[in-house]
Every structure is written in structure tokens, then in C-alpha cells.
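Beneath this line is the structure, given in C-alpha cells, with notes to follow.
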Amino acid sequence: MGDAQIEIQIIAAVVAAACAIPGVFLVLRKMALISDAISHSILLGIVVGFFITNDLNSPWLILLAAVTGVLTIVMVEMIQRTKLVKEDTAIGLVFPLLFSIGVILISKNANDIHLDVDSVLIGELAFAPFDRFIFDGMDLGPKSLWIMGTILIISVASLLLFFKELKVTTFDPGLAASIGISPLIFHYGLMSVSSVTIVGAFDAVGAILVVALMIAPAATAYLLTTNLKKMIGLAVLFGVTSAISGYWLAHYLDASISGSMTTMLGVIFLITYLFASDKGLIASIYRHKKQKIEVSLIIFLLHLNNHRDEIEARQFIHLQEHFNWTKKYAESVVDLADKNNMIQFEGDLIALTEKGENFTDLTLKYILTNKDDEIEHLKRDFFLFRG
Amino acid sequence: MSIFDTFIALFTDSTLRTIAIGTMVLGATSGMLGSFAVLRKESLLGDAISHAALPGIVLAFLITGSKESYVLLFGALIVGLIGTVWIRSIVHKTHLKTDTALGLILSIFFGFGILLLTYVQKLPDANQAGLDKYLFGQAATLIDLDVYILIAVTLIALVILFLFWKEFKIMLFDTDYAKTLGFNVKFIDILITFFIVLTIVLGLQTVGVVLMSALLLAPAAAARQWTNSLGKMVLIAAIIGALSGLIGTGISASENNLPTGPVIVIVASAIVLFSFIFSPIRGILFQQLRLHQNRNNLELMKTLQLMYNIAKTHQDFTHPHAIGILNDFRGFSKSSLKKMEEKEWIQIEGNQWKLTAIGFKEAKDMFHSNSLENG
């Protein structure tokens, strides 16, 4: 592993961590798409900055780009305040316009500008180590590492300083305002930090990857925990993991590093989405199925209770017609009832056991009174279904 | 070439005409279908899907080796649909919100597309040049065949829209009611989503990834300001979309180095801004005017009520009083007195005012009638 390789991985990891922290709050505040909007519209800031300074490395560029980012948010909020369109429409109206102006400015001056839209959107991490920060003749490492490192330190510092305030303004702005924490200040604070982070990061990794690095780790972490601290920790972990594994994927395929990092983020999200123990797709489908059969079981037992004197209604074949169940489904319901000792067979007739009768009585009582304490008993006493 | 000449050339020059018709039809379709996306609060679906379709284009190229636009766009359509389904499933099956799901799928699919694109670029015997035109779109590459496909899709979408108009409408505004009436909501949902995705994918070639989203929602957002009827909104959005396409193409052709897609977006945005300000029902200008007018009316009412309270202490309510009395209270000015005189509520004689019968009645009925609303 050469020096450049190590440096690229360090930069990637720092970028990922710096993006993940504000990303968590954006996702929690339902503002994830703001990152998409900012990352596109800063193109305009960069182009205008370039016209003013004629220098692609000028710090003014970053500053102007960050200002454009905040401007985007202000414009979106202005449109939202008119209540003429929905919130998301406002976002969708603002950033394509700013982006379009940027693209037109670039192509009108294509001859004297060394800036193309591709590199802005896609970025290339592989070149990052060649842009060195040289101070007083000393080589202090890649410039983007310094920029992103500073941004990361600022994010972490403001996170540590204002964790409580960020937490309360995110989850309960009303409460925050009533105890004297201005949600507005923290809103714009977060927006500024996000804007600066996006500007700093997009130089290294491109506009779209910034969006992925902000949203994907936070979304993945949100599937695994509802604890804010853990969520931030997990998001940083996922970001850094995909940064480093993405680098090696790109190395192996000889393809874009930012593309591979995003792909790794996608893979991590997909795995979590499918297998997360509590909120994953498989768990959720399983839970849904279980609930369905439990409801069917209750209906079935109540049916038996209702028609205890009618021979017809107690036959297995009747279940399929009456409830429109398939034979297999009816069998599994009856099986579940049997396993829980709720029913007994009398020839080809089905009857409730004593336990089954107690259960249906209690269920009826719950349905009639609709009192929550009844269902609590019911759950404790009977919902130990073995299936 | 002056802009005027260009617009004539749009109809005479065959290349320009193809492009102009193409962007017009695209604008009309995306305005039409965008209305549904906007009303379903899925404005940014266009943004997400246009990005998410990128890997489809590259995969289609990898598998078939063909660079025919319809082959690539078919790949984009498939992947775009997968993206849409995944977004929906994330929103339904987990507690992640729509914005997160959109941003997630958008960026991850796009990143994967970039990975594939750069991978293909480095394959020794693959000539992939031109694939990245779908990133930014080049209206200039539109050929007759593309325009025919666009027109065909638009016509099919129109027919579907007519056939299922009632269903679309009821699902849009009251999904639960539609379900209870026995409509197959899932099917209608899939149908409309399919056409929205199809339009997005077709637009990629013309205006590119970023700007397709604007073309989908800007005409609809503008049209929404002019009407409260779905039918009219769809029609107006289609017209605005077509106009944006036409004007945008004209402007961009009139000068060198003026890319078509961004110009169309700027034209569409200008129409949105115009609608926001000048629409008579919802526009900001008229809202402010109405606000101002209401405030003035309220002031007049306040003064009238004040006069009424003074006048009713006398047996004869037309008994004149000094204007000076009103000074003890706030809420009158020379112009407001003049206005009240114009309405024949009061008569002014030198330094004195007296209520007229009309004014007395107006004041008495103020809280019993709808006079507040009518002013």
C-alpha cells in the first residue's frame, strides 16, 4: 500500500465521518433531501466564485458555495411560507433552477473556464492526494484532508457542546422553545454546518456521493436503533466502513472511488434493510404473518363459541367456506389452536376446551368493554402461543 | 441569429423542428403526469428516479452492447421502476420517512451507476462514448425516432388518463374511499406510477438527470396556482410544459453554447414565479391586496362602531357631534371619514359629523349580518 493509497483512505474515512454526523439530524428532522438540494445548487456558488477570483483553489470559492447552500435553504423556506405549494415541491423548484444557472454560466464560458459539470457531480477522490497543503515550504499533507479534518472537528465539537439542545430541538421543537432553546438558531446552525460539510466534501467526492454519505449511514443506523447516541455512533461506523471497503472495491474494479463507496453504502443498507432484527423487511413480514394468524385464531375460537350448538359450524370443512380460508391456512389455524389446548376434537367436530372457553369469554369481555386492562390480562394469560 | 429568427427557424429548419417538437411533447407529458406526482406529494420522485435510472442505462449497454437510445432507455425504465418500488417499500415497511427513502435510493443508485460507468470506460474493447450524455441530456441529439416514441407514449398516456380519469381522481384525493368503493387501488397506483417513471426516463435524453425533476414538477406547481380543478390543472400544466419546451429550445438555439435543458428549466421556473405572484386566486400579489383591503375595511368598521356608540346615547341618532370627540379614541383619519361619507354612512358638516340612517343600520347590524365579509 503506497502513501497515496493510505492518504485516500484516510480522506475518505474523514469525509464519511464528517457527513454522517449532520446526516443523522437531517434524517431525523425529515430534511434529508435538503442535502440533495444543497449539493446541486452549490455549483452556482462555485461558478460565480470562480468568475470573481479566477482561481479554482481560492477559499472564497468554498465560502461562496456555502453561502449558496444557505441561500438555497432560505429560498426553499420562503416558498414554503407562501403555502402555495407543498414542502417537497419547494425544494424541487429551487435547486434545479440554481443548478441550471450554474450550468449555463459554465457552458457560456466554456473556453476560459477549467471546470466541468461532470467532475462537480461525480468528483474524483483519486486525485485528492495530489493537491497538497504546503506551508512555508513544508508539505503538510493533502489539502482536502485539512479541509475535511477541520470540518469534522467543528461538527464533533458542536455536537459535544450542543448535544442536549440538538436533541430536544430535533424531537420536540415546542418543548425546546418553551424551555428557552431557540429551535430556529439550531435549525440554521445545523443548516450551516451541513452546507459547509457538503461544500467541503463535494470537492473530494462529488455532489451525489455527498448525499449518499449523509443519508445512507443515518438511515441504516435508524433501522437498528432509536437511541440518538447509538445512532450517531453507528452512522459514523457505517460511513467509515463503506469508505474503506469502497476504496478497495474501486481498486479491484479499477472504477470510480466515489461510485464504489456509494455502492458499499447501498450494500450495507440493503443487508440491514432485509435482516435488521426489529425493523428489517424479513422481521416485519414475519411479524405481520404472526399477527394475522393470531387474529384468525381469535376469530376461529369466537366462531366456535358462538355456534357451540350447531353441528355444521363445528366441522373443519365449514371453516374454509365460512371464512374463505384455504385448506392449508385453516389447518394451520386449527393446529395452532390445538397446540395451545384451546380446542378438542370430537370425531370430526371441533369443540372448545375449558381453557378455550375461558379465553373466548375474556376476549368477548374485552371486545364489549374495550378496556385496555382487560387486554393486558388476556395477553399475559393466553398470548403464549406456541406456533 | 436573433431570437425572432430562431423562432421562425423552429418551424422551418428540420433539425430544429425535431428538437422543438420533442421538447414540447416532453414538456406537455411531464406537465400532465407531473400534476399527479405533485398532488400525491411525490414531487421529488422525479428527482429520485431520474438519478436512479443511471445504472439501468449502463447495465443495458453492458448486456446488449447496443447504444440505441430505446434499448438504453428500456434498461433505465426497468431500474427506475425497481427504484420506485423500493422507495415505496421502504416507506411502508420501515419507519424511515419518504424524504430519506428518496434521497437514499437516489444517491445509492446513482453512485452504483457511476461505478458501472467508470468500470465500462476502462474495459478494453467497449466503446461507451456517449453514455454519459444521459447525465446532462442533449436535446440536440434528438432524432425523429425519439420524437415518435415520445408522441406515442404521450398518446397512450392520454388514452389511459381518459379511460381511468375517475379512478385517478378518486385515488388522488381519497384513497380510502376508493378502496371502499371496490376500486383496485393497487392497479391504478401502478399504472400512474409506471407512466410517471416512463416520462422521466424519456426525458433523461433531452434534459438530463438533474433537470428532469424540474420539468416534472414546475409546470404542475405553476398550474396549481391557477385552478382548483384537477382537469384544468392537468391541461394548464401540459400547456405550460409545452410552452417551456418551445420557448426554451428557441432561446437556446438563438445563441451558441446555451444548453437546452437548463434554459427550459429557467423558462419553466419563470412561469412558476409569475404564477406565484400574479395568480388571481392564490397569488401573493392579490393575497396582499386582499389583506390590505380587509384591513382598511376593518378600520372603517371600527370607526363606525365608535360613532354608533356615541350616537345611540342621543334620542335622535342623526344629532351632529364634533369630530374632535373621536380624537379621544384612535382609528380615524381624514381619508377614512371621507370613505365613510362616500358610503353614505355619515355626513360631515364643517367640524361635525352625524350618522345617516344607512350608517346607523349598518352599525347596528354589524354583528348580525355578513356585512363584515362584504365590507
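None of the figures in this text is laboratory data; all of them are computed from the coordinates on show. Note that the structure is predicted; figures quoted are calculated from it, not measured. Note: ideal-geometry Cβ built from the backbone for every residue, glycine included; neighbour counts use all protein chains shown.
Observations, loosely collected:
- Summarising the label geometry, the points placed 7 Å from Cα in the beta-carbon direction at B:Glu299 and A:Asp335 lie 8.1 nm from one another.
- When the alpha carbon gyration tensor of the stretch A:146-300 is reduced to an equivalent ellipsoid, its three semi-axes come out at 32, 27, 11 angstrom, largest first.
- Comparing Cα centroids, the stretch B:155-227 and the stretch A:1-79 end up 33 angstrom apart.
- Rg [Å, one decimal], Dmax [Å, integer] - chain A, C-alpha atoms: 29.5, 99
- Each pair of Cα atoms in the stretch B:13-216 enters the Kirkwood radius, and Stokes-Einstein at 20 °C and 1.002 mPa s then converts it into a translational diffusion coefficient of 122 µm²/s.
- Between A:Ile367 and B:Gln287, the FRET efficiency from the beta-carbon distance, with R0 = 45 Å, is close to 0.30.
- Residue with peak Gaussian network fluctuation, chain B [Cα springs, cutoff 10 Å], from B:Gly182, B:Gly111, B:Gly283: B:Gly182
- Taking every C-alpha pair closer than 8 Å and separated by at least 6 residues, the mean separation divided by the residue count of chain A gives a relative contact order of 18 percent.
- Over 27 Å (Cα to Cα) - which of A:Lys83/B:Lys338; A:Lys86/B:Lys93; B:Lys41/B:Lys186 fall in this group: A:Lys83/B:Lys338
- Cα-based shape type of the stretch B:30-93, given that a ≥ b ≥ c are square roots of the gyration tensor eigenvalues and the cut on a/c is 1.5: oblate
- Gyration tensor verdict on the stretch A:278-332 (Cα atoms; rounded if a/c is under 1.5, prolate if a/b is larger than b/c, oblate otherwise): prolate
- Mean sequence separation of contacting Cα pairs (under 8 Å, at least six apart), scaled by the length of chain B, corresponds to a relative contact order of 22 percent.
- For the protein assembly as shown, the convex hull drawn through the C-alpha positions has a volume of 278 cubic angstrom per residue.
- Residue among B:Leu155, B:Leu26, B:Leu243 with the largest mean-square fluctuation in a Gaussian network model of chain B, springs linking Cα atoms under 10 Å: B:Leu155
- Normalised alpha carbon radius of gyration of the stretch A:286-382 [divisor 2.2 N^0.38 Å]: 1.06
- With contributions of -39500 (n - 2.57) from each DSSP H run of at least four residues, the per-residue ellipticity at 222 nm computed over chain B stands at -25000 deg cm²/dmol.
- Nearest 10 degrees, 0 to 90: helix B:185-224 Cα axis against chain B principal axis: 90 degrees
- Distance (nanometres) between label positions extended 7 Å along Cα→Cβ at A:Ile154 and A:Thr241: 3.0 nm
- Alpha-carbon Debye profile of the stretch A:183-231, log10 I(q)/I(0) at 0.16, 0.20, 0.21 Å⁻¹: -0.58, -0.82, -0.86
- Expected 222 nm ellipticity per residue - DSSP helices of 4 or more, -39500 (n - 2.57), all of chain A, to 500: -26000 deg cm²/dmol
- Between helix B:230-254 and chain B there is an angle of about 60 degrees, using the helix long axis and the longest principal axis of the Cα atoms.
- Most fluctuating residue given options B:Thr356, B:Thr141, B:Thr175, as computed from a GNM of chain B linking Cα atoms under 10 Å: B:Thr356
- Helix B:3-12 and the longest principal axis of the C-alpha atoms of chain B enclose an angle of approximately 50°.
- On the principal axes of its alpha carbon atoms, chain B extends 104, 58, 36 Å, with the longest extent given first.
- Cα principal axis extents for the stretch A:10-60, largest first, Å: 39, 28, 12
- Here the contact order of the stretch B:97-233, divided by its residue count and restricted to Cα pairs under 8 Å and six or more residues apart, works out to 31 percent.
- Average projection area in nm² (convex hull over Cα atoms of the stretch B:247-306, one quarter of hull surface): 5.2 nm²
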